[in-house]
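Scroll down for the structure; my scribbles are underneath it.
Read the figures in this text as sums done on the coordinates, not as results from a lab. In this text the structure is predicted, and so the values were computed from the model without any measurement. Reconstructed Cβ throughout: ideal geometry from the backbone, glycine too, with neighbour counts over all protein chains shown.
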Amino acid sequence: MLIALPPWVPMVISGFVVLNVVIGLVTYITLLERKFAARMQSRIGPYRVGPHGLLQPIADALKLMMKEDIVPTAADRRIYNLAPIVFLIPCMLIFATIPFAPGLGVADLNIGILFFLAVSSMEIVGLFMAGWGSNNKYALLSAMRAVNQIISYDLPFIFSALVPVLLTGSLKLGDIAAVQQGSLFNWFIFYPVIGQLAFITFVVATLAAENRVPFDILEAESELVAGFRVEYSGMKFALIQLGEYAHMIGSSFLGALLFLGAWSGPGPEALGPVWFLLKMIFMFLVVTWIRWSFVRIRVDQILALSWKALLPATLALLVSTAVVVVWRTGGF
Amino acid sequence: MASNGLSRAQSGTGIITITGAVLRAMGATLKNLFRKPITVHYPDKPRQYPSRYRGLLALTYDKETGEENCIGCRLCEYVCPPAVIKVEMLKAEKRNYAKTFSLELYACEFCELCVQVCPTDAIIMMKSFDLSTSDRRELLLDKDRLHAIGLQHEPSWATGNLLRDMQTPPKAPAPAHAKPAAAAPATTETTA
Amino acid sequence: MLDQNTTTRVEMDWSGPERLQMNMGPQHPSAHGVFRAIVTLEGETVVAVDAVIGYLHRCHEKLSETLTYAQYPSIASKTDYVAAMTSEFAYVMAAEEIGKFEVPKRAQYLRVIVAELQRIASHLLWLGTWCMDMGGALGGGATIFLYCIRERELILDLFEALVGARLLYGFFQVGGTRYDIPDGWAQKCRETIAVIESRVDEYEQMLEDNAFFLARARGVGVVSRELAQDVGIAGPLLRGSGIDYDLRRNAPYSSYQDFDFTVPTEKDGDCYARYKVRMQEFRQAVAIIRQALDKLPAGPISSRPALKSVAQIRIPKGEAYARVEGPRGEVGSYIISDGSAKPYRMKWRGASFSNLAILPHIIPGHKVADVVAIMGSVDPVFGEVDR
């Protein structure tokens, strides 16, 4: 480089690029979901705006930007206005640690996965702020349920994400991805028994952490209308939607990285990020497929499922992974 | 407990049933993913309307003489449940006419009772409902508009005489003004 | 009759600490129409339900005093608009009972065919909206909803070929029916109900073993046998609680006695039992339609002359109450005639109106999420409730 750049400049630039790419991805992932869900329901999704609906997300974004921003008179203004931002920031921050190709990431921290899991569960703060600040019984009820649910499902989420960590021996996301390179069967999803079980529990925990059906008691349109977002309109609503889908994509990227081998795939090295993207879309579609196939279950049943079934199962899985790792490295 | 149906998940066999059920439900949606959607691309592609479709209302002319069929008898006005038809009779030497005939389509129930009672098959329904406007006043159809609709769209099968013959089939040979089709109404229409 | 010693009084428990009164208001994605339920919550548990109705009141009973017997059947379909055929059926039967008009055999069979087709269509809508309430408009519920609507479209196509309209028909007339079946309709009807039978099997497969569905429907909203008899409900709500009462068999009308069918009954009284009752009713309705199509006699479709003028149908003085087994229960019509062309007084017994009375008894004690599941399994249509 002709000019000596301070070390934080490349990071800022890459962060900026990643943020923009994520926002673009979020908008088109919504279109993908709508089309996919429509086909599963014997109908066509967005079709008229642009060829085959390709301009639909842009139309939606424009509409949300131009909408009137209605603030309820009795709402707690500061909390109400801050909540979408507090909700959005952790959802964007998780992309900092994901490496999109070997060496291509914003910050491949040594504690990458810990950072991811910790920051992603901070969205609950923004969520509760939104529910409280709206001064609305529906929003409050939904925020209470949200706290319940996300706290209950964070532990199984962490434990199932820790299984690949144990199998790799490092918290660094770049290392976990690197271990899965080479052949198809290096992918952790193909690890006998443990890999598949961990993948299934990861998907279930992701569904719950994302408030997706069958765990979407949080929004439950037929009961609570829109849950914690019921009083938001216009750009604030857009920010909340952005945060939700960004979190969804982030978790899909994490799942693809932890279990599906990140950028491994046939073809030249440069094709790596493309494979990563495709795997992320696959994870997202699996979650969407489940979402559109089931009715939701009640909040006490969700909590029962988590504490009585999923948490013991993931704990047992983690312990057995540890035993297997020690046994394979000849520790016994 | 009866209220927590998830207690079945605790047992081993419960897990297998649940997994089977989950996979079956997901399989059903996956199967539909690959079926052709049943959407009809209206308005790019027209929908097939059955022959008895109750669409827009229209006034008709006589096929042979070109005269208006309506004799202003006001039977349709009296039978209409929401009373949307208003007719004024014009007396003339050979037969009567309708001086004004207005139909408020925005309040019409499309019940076909007016078609049923009309003695001269003057008012009929069309196989199309395509008259959306952004101004409701355009749906207050006057006589000219009604005649124009009758010429623009395809008429549906039902006319007053055909409907009445369906309810009490004529014992005598079909009267002169009803076409030969009236004697065997089923053959002129398809079920499509 | 309600007396001082009745045991099924409802205690409205509004006061107390930690109680939150929430309005599941008339505009709500899951109210089956315009219905307001003021629920008092303690945490997530419902403690009291106060049902407020009347948002869809359109003065049908007064309207019927201004319309003649020839005009009103087209309007009668608007009470229970989801099952329009059975609504018209009750009114027309009451008028025929006062006037002692004979309905020809062919018309009776056509009425049976159409009523059973309507039952299938109504239950398809019930299944779709119930799953949608439980699963969300953005979720698995919507998927089942769209499948059910796809099947319901097939039946609406049949009605369109028969009558010309898809939702509100005007098919019935005092003395018989207004339309006869066109050529090829019987064949198309047979094909349609064969398709629906196989699809209903598919839905059962998708839902029966589904742990999520069972968790939402088993043990929820239990209506005990005594409560069912006390409150005066009817239809699948009653038969799901173990009481074997169906007007088509207990008080047969319109030659239902000619057909061979069973009346499904379940003992548990919860949402799952009512679900099973309605799924079985699909199959029984298909059986009835097949028998009716096979045995359809030739003949006139009306015993009165064809409708030529508005005041043509005159009924002698008298009064009668006629009832039919609609998809939701007993739909009844009570007419007092004074000898003119218009009724003196007409009263509707709406099936959903009586069924809604069960809500304050069975909802308290459940969670908020169960409120929609229970309401869905009660299956109210507010056209009938408010008339």
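Points worth noting:
- Amide H to amide H distances under 5 Å link C:GLY176 with C:SER303, where only residues 5 or more positions off or on other chains count and H is placed in the peptide plane.
- Alpha-carbon centroids, region C:39-76 and region B:24-41: separation in whole Å: 37 Å
- Calculated [θ] (222 nm, deg cm²/dmol) that DSSP helices of n ≥ 4 give over chain C, each run adding -39,500 (n - 2.57): -14000 deg cm²/dmol
- Based on DSSP H segments of at least four residues, each scored -39500 (n - 2.57), chain A has a per-residue ellipticity at 222 nm of -21000 deg cm²/dmol.
- Partner chain coverage, peptide C:211-224 - average Cβ within 10 angstrom: 6
- The fewest-to-most ranking of B:HIS147, A:HIS247 by surrounding Cβ atoms within 10 Å reads B:HIS147, A:HIS247.
- For region B:56-72, 3J(HN,Hα) computed residue by residue from phi via the Karplus equation (6.51, -1.76, 1.60; θ = phi - 60°) reads 5, 9, 8, 9, 10, 9, 5, 5, 8, 8, x, 7, 5, 7, 6, 9, x Hz, glycine and proline entered as x.
- Axial C-alpha extent at least 27 Å, average Kyte-Doolittle at least 0.0 - helices from chain A (DSSP): A:8-40, A:137-168, A:235-259, A:272-291
- Arranged from fewest to most other beta-carbon atoms within 10 Å of their beta carbon, B:ASP144, B:ASP62 become B:ASP144, B:ASP62.
- Whole-Å semi-axes of chain A's equivalent ellipsoid (Cα gyration tensor): 32, 25, 20
- Highest-MSF residue in chain A out of A:ASN186, A:ASN20, A:ASN110 [GNM, Cα springs under 10 Å]: A:ASN20
- Under-27-angstrom lysine pairs by C-alpha in region A:8-328, whenever the two are 8 or more apart or on separate chains: 9
- Highest GNM mean-square fluctuation among C:ALA341, C:ALA311, C:ALA322, for chain C modelled with Cα contacts below 10 Å: C:ALA311.
- Here each label is just a point 7 Å from Cα along the line to Cβ, and for A:VAL49 and B:LEU33 those points are 2.5 nm apart.
- GNM flexibility winner over chain C from C:GLU42, C:GLU116, C:GLU325 (Cα, springs under 10 Å): C:GLU42
- Shape category assigned to region A:60-115 from the gyration tensor of Cα positions, a/c cut at 1.5: oblate
- Rounded Å value of the spacing that divides the Cα centres of region C:256-301 and region A:244-292: 50 Å
- Sequence-distant lysines (8 or more away, or on other chains) whose Cα lies within less than 22 Å of C:LYS342: B:LYS86, C:LYS62, C:LYS78, C:LYS100, C:LYS308, C:LYS317
- In terms of other Cβ atoms within 10 Å, C:SER87, A:SER251, A:SER120 run from fewest to most in the order A:SER120, A:SER251, C:SER87.
- FRET efficiency estimate (nearest 0.05) - Cβ-Cβ, B:THR19 to C:LYS100, R0 56 angstrom: 0.35
- Region B:114-126 - phi-based ³J(HN,Hα) in whole Hz, Karplus 6.51/-1.76/1.60, Gly and Pro as x: 5, 5, 4, 8, 5, x, 10, 6, 6, 9, 9, 10, 9
- Amide H contacts under 5 Å for A:VAL106, placed H, 5+ residues apart: A:ILE98
- Residue-wise HN-Hα couplings along region C:59-75, as the Karplus relation 6.51 cos²θ - 1.76 cosθ + 1.60 with θ = phi - 60° gives them from phi, are 6, 4, 5, 6, 4, 5, 6, 9, 10, 7, 5, 7, 8, 5, x, 5, 7 Hz; Gly and Pro carry x.
- Radius ratio Rg over Rh of region C:60-355, counting only Cα atoms, Kirkwood formula for Rh: 0.97
- For A:VAL193 and A:ILE58, a Förster radius of 56 Å and the Cβ-Cβ distance give a FRET efficiency of 0.80, rounded to the nearest 0.05.
- Taking amide H as placed 1.01 Å from N in the peptide plane, the amide H of C:ARG345 sits under 5 Å from that of C:ILE336, each at least 5 places away or on another chain.
- Shape class for region C:174-215: oblate, because the ratio a/c of the largest to smallest gyration tensor axis (alpha-carbon atoms, square roots of eigenvalues) is 1.5 or more and b/c is at least a/b.
- Computed label-point distance, nm, for sites B:THR65 and C:ILE38 using a 7 Å Cα→Cβ extension: 6.8 nm
- Averaged over A:138-147, number of beta-carbon atoms from partner chains that fall within 10 Å: 2
- Note: the protein assembly as shown, Cα convex hull, 210 Å³ per residue.
- Paramagnetic reach from B:VAL40 in region B:125-167 [backbone N under 19 Å; point 7 Å along Cα→Cβ]: B:125-132, B:153-158
- Rough spin-label spacing in nm, given labels placed 7 Å along Cα→Cβ, for B:ARG137 and C:GLU226: 6.8 nm
- Number of partner chain Cβ atoms within 10 Å, mean per residue of C:364-370: 5
- Once the C-beta distance of A:ASP69 and A:LYS137 is scaled by a Förster radius of 25 Å, the resulting FRET efficiency is 0.70 to the nearest 0.05.
- The separation of region A:157-194 from region B:59-92, counted between C-alpha centres, amounts to 82 Å.
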